[in-house]
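So the structure is just underneath, and the comments pick up after that.
What follows is calculated from the coordinates using simple rules that are stated; it is not laboratory data. Keep in mind that this is a model prediction, so the values were computed, not measured. Glycine gets a Cβ as well: all are built from the backbone with ideal geometry, and neighbour counts include every protein chain shown.
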Amino acid sequence: MLENKMDNFFKTGIDLGGTKIESIVLDSLGSQVFRKRIPSPQGSYRETVSAITELVLEADKHVHEITKVGIGIPGALSEQTGLVKNANSTWLIGKPLKLDLEYSLRRRIKIENDANCFTFSEAVDGAGAQAHVVFGVILGTGVGGGITINAKPLRGINSIAGEWGHNPLPWTNEKELSRNKCYCGKRGCIETFLSGPAVAKNYFKKTGKVLNVENILALSEAGDLDAQDIFKEFEIHLAKGLAQIINLLDPEIIVIGGGLSNISRLYRNTINIWDEYIFSDRIDTKLVPAQHGDASGVRGAAWLWND
């Protein structure tokens, strides 16, 4: 494989999402020098590999260097086989993504779960900087979770640490658990309550109208009662799910990213609800949006080379 003989000054991060692929180049101080976003190829593994390759080569060309590459994916690599598992972009499952990209790019790369990358970024120089334990949440096309301890990602022996979205929503009823079927084959996963598609699905069930999250939020802010009910229910579910995390990990801070992280009402309303479910007389855990916004995941992927 082709490797730069000198220590690489620039690091390329790739955030492979369900709807977009984003690249960023950071210098050694963490300053952004290049960033680009393209739509994700839907359903095509081969086109996904090609798209990532082209983004990395374009980043290399921009900085005139063979950059170090870190990639955040909506899943994980199996410790046993090295193949992708647990990906909500299901066309990646069972594929040798790391090997194929290393062959295509002619260099070693690092791959990590996208929620781990997001949390890592916020723990290094974002909203969770200086915190001992940070829990990061991605609320977007899917629902992910990541954990850092002393600004280091916790992967776990099975590479599933922080897989919050694929646990059942706590303190809920049998009807809710049974009606929410997840792509993973289970029912009642947190992802089926708190993802963007879940919000749109619930609004459709309530009104018969097909709208995206942005439009539903706009209606809510304009006083539409059906839309407001959807977000009230969402906040109750979010509070229950995060209370479970606090009862288990007791983090200093929970950082939210993803498309739904821009909904400001979540932060003030959720913390007023979760008291009922947290096993403590006092709750000091902070709930905040990502400091780096939608750049957190891709920045964290680049920071994977920050040894």
Residues of segment 151-167 with the amide nitrogen closer than 17 Å to a label point 7 Å from the Cα of CYS184, along Cα-to-Cβ, please. 155-167
Pick from TRP91, TRP274, TRP164 the residue whose mean-square fluctuation is largest in a GNM of the chain, springs joining Cα atoms under 10 Å. TRP91
Tabulate in residue order the Karplus-calculated ³J(HN,Hα) for segment 82-91, using 6.51 cos²θ - 1.76 cosθ + 1.60 with θ = phi - 60°, rounded to whole Hz; enter x for Gly and Pro. x, 8, 5, 9, 6, 9, 6, 7, 5, 5
May I ask you to derive the relative contact order of the chain, considering only C-alpha pairs under 8 Å and at least 6 residues apart, and to give it as an integer percent? 20 percent
Debye-sum result for segment 210-307 in log10 I(q)/I(0), which assumes one identical scatterer on each alpha carbon, at q = 0.24 Å⁻¹: -1.22
Helical mean residue ellipticity (222 nm; -39500 (n - 2.57) per DSSP H run of 4+; nearest 500) of the chain: -11000 deg cm²/dmol
Provide Rg over Rh for segment 2-125; use the alpha carbon set for both Rg and the Kirkwood Rh (inverse mean inverse pair distance). 0.94
Under 19 Å from the 7 Å Cα→Cβ point of SER280, by amide nitrogen: which residues of segment 128-164? 128-137, 146-151, 162
Filtering GluC sites (Glu not before Pro) in segment 165-271 by DSSP loop and by at most 16 other Cβ atoms within 10 Å leaves GLU252
For ILE21, the residues 5 or more places away or on another chain with a placed amide H closer than 5 Å to its own amide H are ILE38, SER40
Rounded to whole Hz, the Karplus (6.51, -1.76, 1.60) HN-Hα couplings of segment 132-146, x for glycine and proline: 6, 10, 10, 10, x, 10, 10, 10, x, 4, x, 10, x, x, x
Given the pairs LYS11/LYS85; LYS20/LYS175; LYS201/LYS232; LYS181/LYS240, which span a C-alpha to C-alpha distance of over 22 angstrom in this model? LYS11/LYS85; LYS20/LYS175
Matching label for the computed percent of Cα pairs over 33 Å apart, out of [x] 23; [y] 19; [z] 29, is [x]
Which is farthest toward the positive dipole end of the chain among LEU57, ILE278, SER220, measuring Cα position about the Cα centre, with Cβ charges +1 (Lys, Arg) and -1 (Asp, Glu)? LEU57
What is the magnitude of the charge dipole of the chain about its Cα centre, with +1 placed on the Cβ of each Lys and Arg, -1 on the Cβ of each Asp and Glu, and no other charges, expressed in debye to the nearest 20? 760 debye
Rounded to whole Hz and in sequence order, give me ³J(HN,Hα) for segment 229-238 from the Karplus expression 6.51 cos²θ - 1.76 cosθ + 1.60, θ = phi - 60°, writing x for Gly and Pro. 5, 4, 6, 4, 5, 4, 5, 5, 5, 5
